Amino acid sequence: PDQSSLYERRAQVYYEQRKYDLADLDYKKMIELKPGDVMGYMGLGRNANEQKRWQDAIAQYDYVLKLASDYSSGYAFRAESYMGLQKWNEATDDLVSALSLGWDRKALRLLSEVKEPNTTILIAKMKVQAAKHPNDMKWPYLTGLVYEYGDDYAKAIKAYSEANAKDPSSLVYYRLASCHAALGDFTSAMQAIDGALKIDSTDVDYMSYKANIGAAA
């Protein structure tokens with residue numbers, strides 16, 4: 001009864017069953033057993049987000065970040081809350097903060113949900129980070145990702161090319177191939193996917209995509 005990890009596992013099951021009240025009880029028990037338990041507060045916030053109780057969720061994530069200011073998921077999940085409230089300035093700040101701390105999966109997924117005119121706000125903030133870290137390929141890559149999600153393939157290609165100039169990556173070449181193909185430029189798409197395979201010749205997805213490009217061309 002005093003093992004916090006067991007409550008966390010059961011809370012996850014309740015969450016998957018959408019029994020949020022029961023999950024909340026387990027997360028609160030985690031906090032009772034270990035005051036300041038970040039995961040307890042994260043669980044309460046996630047449950048609140050699932051129920052669109054955005055302000056309640058933000059209160060939980062605020063406390064998480066007070067306890068652990070370098071926890072990327074705290075920013076990423078709070079960004080989701082701000083997006084629910086249509087507070088895009090705060091949401092994009094949190095997405096940038098989360099991604100500044102690492103390749104946060106939640107933040108990366110949320111990038112696809114940002115639409116114009118808020119895409120412009122997000123990209124402007126990413127470009128500020130790119131200027132602060134001129135040798136880091138992360139920010140031009142993320143900028144390209146946002147452009148690609150918005151179907152602005154020409155700008156995505158420019159951003160991805162900038163990322164590759166800093167640090168060539170098979171993933172970036174793959175994204176370049178996808179954008180070129182979306183524009184109907186299969187010659188450039190083939191060159192890009194060949195670049196990906198040159199870096200990682202064993203990736204089956206890249207091989208398959210090369211075949212698809214060849215078929216489309």
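The values are calculated or read from the model by the stated rules, or taken from the named source; none is laboratory data. Small disclaimer: the values here were computed from a predicted structure and weren't measured. We place every Cβ from the backbone using ideal geometry, glycine too, and count neighbours over all the protein chains shown. Accessible surface is based on the protein model in full, side chains and every heavy atom, while ligands, DNA and RNA are left aside. Shrake-Rupley method; radii C 1.70, N 1.55, O 1.52, S 1.80 Å.
Counting only residues that are of a type in the set (Ser, Thr, Tyr), give me the helices (runs of 4 or more DSSP H) lying completely in region 70-145 with at least 3 of them. Give the derivation first.
Details: elements: 72-84, 88-101, 105-111, 118-132.
Helices (runs of 4 or more DSSP H) meeting the threshold: 72-84, 88-101.
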Taking LEU65, is it within 17 Å of the chain's Cα centre (by Cα) and open to solvent by 10 Å² or more (accessible area, probe 1.4 Å)? no
Of the conditions (1) at pLDDT 95 or above; (2) surrounded by fewer than 16 Cβ atoms within 10 Å (Cβ to Cβ), the single one that VAL96 does not satisfy is (2)
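Would you call GLU32 more than 29 Å from ILE121 (Cβ to Cβ), of a type in the set (Asp, Glu), open to solvent by 40 Å² or more (accessible area, probe 1.4 Å) and in a helix (DSSP H, G or I)? Before you say what the answer is, go through the steps one by one.
Working: more than 29 Å from ILE121 (Cβ to Cβ): yes; of a type in the set (Asp, Glu): yes; open to solvent by 40 Å² or more (accessible area, probe 1.4 Å): yes; in a helix (DSSP H, G or I): yes.
In short, yes.
Pick from GLU148, GLU162: which is in contact with a Cys (Cβ under 8 Å, 6 or more places away or on another chain) and either at pLDDT 95 or above or in a helix (DSSP H, G or I) (or both)? Reasoning before the result, please.
Details: GLU162 fails: in contact with a Cys (Cβ under 8 Å, 6 or more places away or on another chain).
It is GLU148.
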Starting from region 205-217, keep only residues that are of a type in the set (Asp, Glu), then list their pairs with residues that are in a helix (DSSP H, G or I) whose Cβ atoms are within a distance under 8 Å, requiring at least 6 positions of separation or different chains. ASP205/TYR174
Residue check, GLN60 closer than 26 Å to ARG18 by Cα, open to solvent by 70 Å² or more (accessible area, probe 1.4 Å), assigned to a helix (DSSP H, G or I) and of a type in the set (S, T, N, Q): no
Selection within region 142-169 - surrounded by fewer than 18 Cβ atoms within 10 Å (Cβ to Cβ) and of a type in the set (Phe, Trp, Tyr): TYR149
Residue check, PRO140 against (1) of a type outside the set (Phe, Trp, Tyr); (2) under 14 Å from the mean Cα position of the chain (by Cα); (3) closer than 26 Å to ALA177 by Cα, all met but one. Which one? (2)
Only unsatisfied item for GLY184, checking (1) open to solvent by 50 Å² or more (accessible area, probe 1.4 Å); (2) outside any helix (DSSP H, G or I), is (1)
Restricted to region 1-40 and to residues being closer than 21 Å to TYR61 by Cβ and among the small types (Gly, Ala, Ser), the residue modelled with the lowest pLDDT is GLY36
